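Heads up, the thing below is written out as structure tokens.
Each reported figure results from applying straightforward, stated rules to the coordinates on display, with no laboratory input. Please read all numbers here as calculations on a predicted model, not as lab measurements. Neighbour counts run over all protein chains shown; Cβ positions are idealised from the backbone, glycine included.
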Amino acid sequence: MSTIAIADVQGTAVRSRLRLTRRGRAVFTTLAALPLLVAVGLFALNGGQASAGNTAADVHFQTVTIQPGETLWQLAEQTAPNADPRDFVADVVSLNALDGSGVQAGEQIAIPAKYAPTK
């Protein structure tokens, strides 16, 4: 028989005291702290979002239309003869989010402001 089913002579059940082991306390503490950990995790993941403002950036780029047979290297030599063509090509690829340094005839390419000729 279990201790709960044992009744003393007067018909009342014997009460046993609940004891938590170290592992049981760890489980209950973890369960109690879990909502707090989830909230902190969600805040950390969503807290870094950029907020959009109502002012537009006033940035202007000079654009160049690629001619048939023209490469970015040739464009670098024409547009920025004093700059390293490798740097120019890397900056143009980055600014225009190109997959590589290959360009098509008729494509509009933005030139970084540091290479644009001053007027």
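Brief remarks on what is shown
- The string of couplings for the range 34-39 from the Karplus curve (6.51, -1.76, 1.60, θ = phi - 60°) is 4, x, 5, 5, 5, 5 Hz, one whole number per residue in order, with x for Gly and Pro.
- Spin-label model, Leu18/Asp87: points 7 Å from Cα along the beta carbon direction are separated by 7.2 nm.
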